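Peer 1: One structure, pasted below without further comment.
The values are calculated or read from the model by the stated rules, or taken from the named source; none is laboratory data. Keep in mind the model is a prediction, meaning the values are calculated, not measured. Neighbour counts are summed over all protein chains in view; Cβ atoms, including those assigned to glycine, are modelled from backbone coordinates with ideal geometry.
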Amino acid sequence: MRLTIGDDDPRLPDNRSYCRVLRGVADRQGLAVGQQLKLRSGSESAVYTIDGLHDTEETVRLNRDGRTLVSATPGDTAVVDGTVPAADYRDAWEQGDITETIWRDPSPKAAVLAPHGGDIEYGTDDTASRIHKRSDVPTHTWMVHGWNPDAYQRYHISSNRLSPHSYPGLRGLVDRAPFPVAVSLHIHIADYVAVGGGADRDVRVSLGDRIDQCLPDTRDVVVDHDRMKYAGTEDSNVVNRLSPQGIQIELTPEDTYVHREAVAKAVVEWLDRNL
């Protein structure tokens, strides 16, 4: 679907990752407020959340920062797709695009997620894949891979906003939910590991203890929500949508660059012992 990029819309939030589209286009394409779309202008692409609809002209409206992500100006033509992930992993990697991987089990006992993998939050998808392959617990695993030096700016959508209508792999997980346990892997800029999410505190403590035993002694592992920058407790958080025992693990960059094997080992041992 091709649309013209419109002028600034003052109703858009002060956030580069939101957009507004023509109501008629949304109706024809099955799009709705709260879903994501991928916009490509020239050779550059980015993902936006639909914040609202308008009725005046056949355009997609971004704020200035949103247009900068794809080096676009008002009047440029963009290709818009309501399905965010590209179909082919290698093509996405070569073109700086975004794609997803979903591994299914016929009788899953856990869901493992890396919704910001690739260059978005580097190493989280590799950690998730190690957990899936090494655990004796059958899991559904969903990984998003965004490839670009600016992948975080272009492709990072908050876990509270990820729409299953926009990511087929996530839709498969939501359709299969609830899982006994769901684990989501992330990076935060902090000097500690946070084991948050909506899971019961004793669940978070037991996994946190296992991670603490596998990481260097210099790393603190935090399980109390009030000590975390990103606690992951919202009902809208994707990990909590999948399980009443949703666990959001926020790792340091060093953990995913250097210690991802240790993190995966800790989660595998915890899953195998508790499920």
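Peer 1: What are the residue pairs meeting all of these: first residue in segment 232-253, first residue closer than 18 Å to Tyr192 by Cα and assigned by TED's automatic domain parsing to the domain that holds Glu121, second residue basic (Lys, Arg) and part of a helix (DSSP H, G or I), Cβ atoms under 7 Å, and 6 or more apart or on different chains?
Peer 2: Ile247/Arg204
Peer 1: Quick one: Val203 ticks every box in (1) touching a residue at least 12 places away in the same chain (Cβ under 8 Å); (2) closer than 25 Å to Ile157 by Cα bar one, so which box is it?
Peer 2: Going through (1) touching a residue at least 12 places away in the same chain (Cβ under 8 Å); (2) closer than 25 Å to Ile157 by Cα one by one, Val203 breaks only (2).
Peer 1: Considering only residues that are small (Gly, Ala, Ser) and within 18 Å of Tyr152 (Cα to Cα), which ones fall in segment 96-115?
Peer 2: Restricting attention to segment 96-115, the residues satisfying the condition of being small (Gly, Ala, Ser) are 96, 107, 110-111, 114.
Listed by number, the residues that qualify are Gly96, Ala114.
Peer 1: Take Ala264 and decide whether it is under 22 Å from the mean Cα position of the chain (by Cα), buried (at least 21 other Cβ atoms within 10 Å of the Cβ) and part of a helix (DSSP H, G or I). Talk me through it step by step, then tell me what you get.
Peer 2: Details: under 22 Å from the mean Cα position of the chain (by Cα): yes; buried (at least 21 other Cβ atoms within 10 Å of the Cβ): yes; part of a helix (DSSP H, G or I): yes.
Considered against the rule, which asks whether it is under 22 Å from the mean Cα position of the chain (by Cα), buried (at least 21 other Cβ atoms within 10 Å of the Cβ) and part of a helix (DSSP H, G or I), Ala264 comes out as yes.
Peer 1: Among the residues of segment 216-229, how many are in a loop (DSSP other than H, G, I, E, B) and under 12 Å from Ile247 (Cα atoms)? I'd like the intermediate steps shown before the answer.
Peer 2: If we filter segment 216-229 for residues that are in a loop (DSSP other than H, G, I, E, B), which is where we start, we get 216-219, 223-224, 228-229.
Now restrict to residues that are under 12 Å from Ile247 (Cα atoms): 223.
Qualifying residue count for the region: 1.
Peer 1: Take Asp119 and tell me if it is closer than 27 Å to Arg260 by Cα and out of contact with any Asp or Glu (no Cβ under 8 Å at 6 or more places or on another chain). Lay out the reasoning, then the answer.
Peer 2: Working: closer than 27 Å to Arg260 by Cα: yes; out of contact with any Asp or Glu (no Cβ under 8 Å at 6 or more places or on another chain): yes.
When the stated conditions are applied, Asp119 passes them.
Peer 1: Checking Gln248 against (1) buried (at least 23 other Cβ atoms within 10 Å of the Cβ); (2) part of a helix (DSSP H, G or I); (3) of a type in the set (S, T, N, Q), which test does it fail?
Peer 2: With respect to (1) buried (at least 23 other Cβ atoms within 10 Å of the Cβ); (2) part of a helix (DSSP H, G or I); (3) of a type in the set (S, T, N, Q), Gln248 is out only on (2).
Peer 1: Right, something else. Limited to segment 95-115, what total is found for residues that are under 15 Å from the mean Cα position of the chain (by Cα) and either at pLDDT below 95 or not charged (D, E, K, R) (or both)? Give the derivation first.
Peer 2: Applying the first criterion (under 15 Å from the mean Cα position of the chain (by Cα)) to segment 95-115 yields 97-102, 111-115.
From what's left, either at pLDDT below 95 or not charged (D, E, K, R) (or both): 98-99, 101-102, 111-115.
Going through segment 95-115 one residue at a time, the tally reaches 9.
Peer 1: In a loop (DSSP other than H, G, I, E, B), modelled with pLDDT of 95 or more and within 23 Å of Thr252 (Cβ to Cβ) - does that describe any residue in segment 164-186?
Peer 2: First, pick out the residues of segment 164-186 that are in a loop (DSSP other than H, G, I, E, B): 164-167, 177-180.
Within this subset, residues satisfying the condition of being modelled with pLDDT of 95 or more are 164-167, 177-180.
Now restrict to residues that are within 23 Å of Thr252 (Cβ to Cβ): none.
Scanning segment 164-186 turns up no residue that is in a loop (DSSP other than H, G, I, E, B), modelled with pLDDT of 95 or more and within 23 Å of Thr252 (Cβ to Cβ).
Peer 1: I would also like to ask the following. Of the conditions (1) more than 17 Å from Asp9 (Cα to Cα); (2) of a type in the set (A, V, I, L, M, F, W, C); (3) outside any strand (DSSP E or B), Val47 fails just one. Which one is it?
Peer 2: (3)
Peer 1: Follow-up. Answer yes or no as to whether Gly75 is of a type in the set (Gly, Ala, Ser) and in contact with a Pro (Cβ under 9 Å, 6 or more places away or on another chain).
Peer 2: Numbers: of a type in the set (Gly, Ala, Ser): yes; in contact with a Pro (Cβ under 9 Å, 6 or more places away or on another chain): no.
Considered against the rule, which asks whether it is of a type in the set (Gly, Ala, Ser) and in contact with a Pro (Cβ under 9 Å, 6 or more places away or on another chain), Gly75 comes out as no.
Peer 1: For segment 217-227, does any single residue satisfy the condition of being at pLDDT 95 or above, in contact with a helix residue (DSSP H, G or I) (Cβ under 8 Å, 6 or more places away or on another chain) and under 26 Å from Thr101 (Cβ atoms)?
Peer 2: Looking for residues that are at pLDDT 95 or above, in contact with a helix residue (DSSP H, G or I) (Cβ under 8 Å, 6 or more places away or on another chain) and under 26 Å from Thr101 (Cβ atoms), one finds none in segment 217-227, hence no.
Peer 1: Being in contact with a helix residue (DSSP H, G or I) (Cβ under 6 Å, 6 or more places away or on another chain) and either assigned to a strand (DSSP E or B) or closer than 17 Å to Arg241 by Cα (or both) is the filter here; which residues of segment 197-210 pass it? Full working, then the answer.
Peer 2: Here is the first cut: in segment 197-210, the residues in contact with a helix residue (DSSP H, G or I) (Cβ under 6 Å, 6 or more places away or on another chain) are 197-198, 207, 210.
Scanning segment 197-210 gives Gly197, Gly198.
Peer 1: Looking only at residues in segment 88-123 that are in contact with a Ser or Thr (Cβ under 6 Å, 6 or more places away or on another chain) and assigned to a helix (DSSP H, G or I), which one is nearest to Val174 (Cα to Cα)?
Peer 2: So, considering only residues that are in contact with a Ser or Thr (Cβ under 6 Å, 6 or more places away or on another chain) and assigned to a helix (DSSP H, G or I), the one nearest to Val174 (Cα to Cα) is Tyr89.
Peer 1: Go through (1) free of Cβ contacts under 8 Å to residues at least 12 places away in the same chain; (2) under 29 Å from Asp9 (Cβ atoms) and name the single condition Val70 misses.
Peer 2: Unmet for Val70, out of (1) free of Cβ contacts under 8 Å to residues at least 12 places away in the same chain; (2) under 29 Å from Asp9 (Cβ atoms): (1).
Peer 1: Out of everything in segment 116-143 that is among the hydrophobic types (A, V, I, L, M, F, W, C) and more than 17 Å from the chain's Cα centre (by Cα), what residue ends up being surrounded by the most Cβ atoms within 10 Å (Cβ to Cβ)? Please lay out each step first, then the result.
Peer 2: If we filter segment 116-143 for residues that are among the hydrophobic types (A, V, I, L, M, F, W, C), which is where we start, we get 120, 128, 131, 137, 142-143.
This time we only want the ones that are more than 17 Å from the chain's Cα centre (by Cα), so: 131, 137.
Details: Ile131: 25, Val137: 20.
So the residue we want is Ile131.
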